[in-house]
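Working notes, beginning with the structure itself.
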Amino acid sequence: MSKPFDANLYGATLRACEESGVPEDLTYKAAVIIASDEAGKPDLGRTPQDQEIIKQVLPYLQSGGKE
């Protein structure tokens with residue numbers, strides 16, 4: 001069974017990342033990861049690689065693009 005994909009979350013993540021200055025390659029990877037999150041699973045169903053990408057994106061989002 002394939003992972004779910006929420007197009008609204010994908011679009012919102014793209015916008016948030018772009019507004020916060022996240023590098024383009026990380027923006028698209030993060031958007032796919034977040035749009036495919038599985039709420040009922042441990043770590044939202046994210047692989048260790050997915051988690052690492054999100055960790056790289058978080059500082060940009062937390063600073064609101066002021067880094």
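Table: residues versus (1) part of a loop (DSSP other than H, G, I, E, B); (2) modelled with pLDDT of 95 or more; (3) in contact with a Ser or Thr (Cβ under 6 Å, 6 or more places away or on another chain); (4) aromatic (Phe, Trp, Tyr).
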{"position": "2", "(1), (2), (3), (4)": "yes, no, no, no"}
{"position": "8", "(1), (2), (3), (4)": "no, yes, no, no"}
{"position": "12", "(1), (2), (3), (4)": "no, yes, no, no"}
{"position": "26", "(1), (2), (3), (4)": "no, yes, no, no"}
{"position": "34", "(1), (2), (3), (4)": "no, yes, yes, no"}
{"position": "40", "(1), (2), (3), (4)": "yes, no, no, no"}
{"position": "54", "(1), (2), (3), (4)": "no, yes, no, no"}
{"position": "65", "(1), (2), (3), (4)": "yes, no, yes, no"}
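Just for the range 12-26: of the residues that are surrounded by 15 or more Cβ atoms within 10 Å (Cβ to Cβ) and within 15 Å of residue 52 (Cβ to Cβ), which one is farthest from the chain's Cα centre (by Cα)? Break it down into steps so the answer makes sense when it comes.
Filtering the range 12-26 for residues surrounded by 15 or more Cβ atoms within 10 Å (Cβ to Cβ) gives 13-14, 16-17, 20, 22, 26.
Filter once more, so that each one left must be within 15 Å of residue 52 (Cβ to Cβ): 22, 26.
On the way: 22: 11, 26: 8 Å.
Checked the range 12-26; the qualifying residue farthest from the chain's Cα centre (by Cα) is 22.
Checked against (1) within 17 Å of residue 2 (Cβ to Cβ); (2) crowded, with 18+ Cβ neighbours inside 10 Å, residue 60 meets all criteria but (1).
The values are calculated or read from the model by the stated rules, or taken from the named source; none is laboratory data. Model, not experiment: these values are computed from the prediction. Cβ coordinates were reconstructed from backbone atoms using ideal geometry, including for glycine residues, and neighbour counts include every protein chain displayed.
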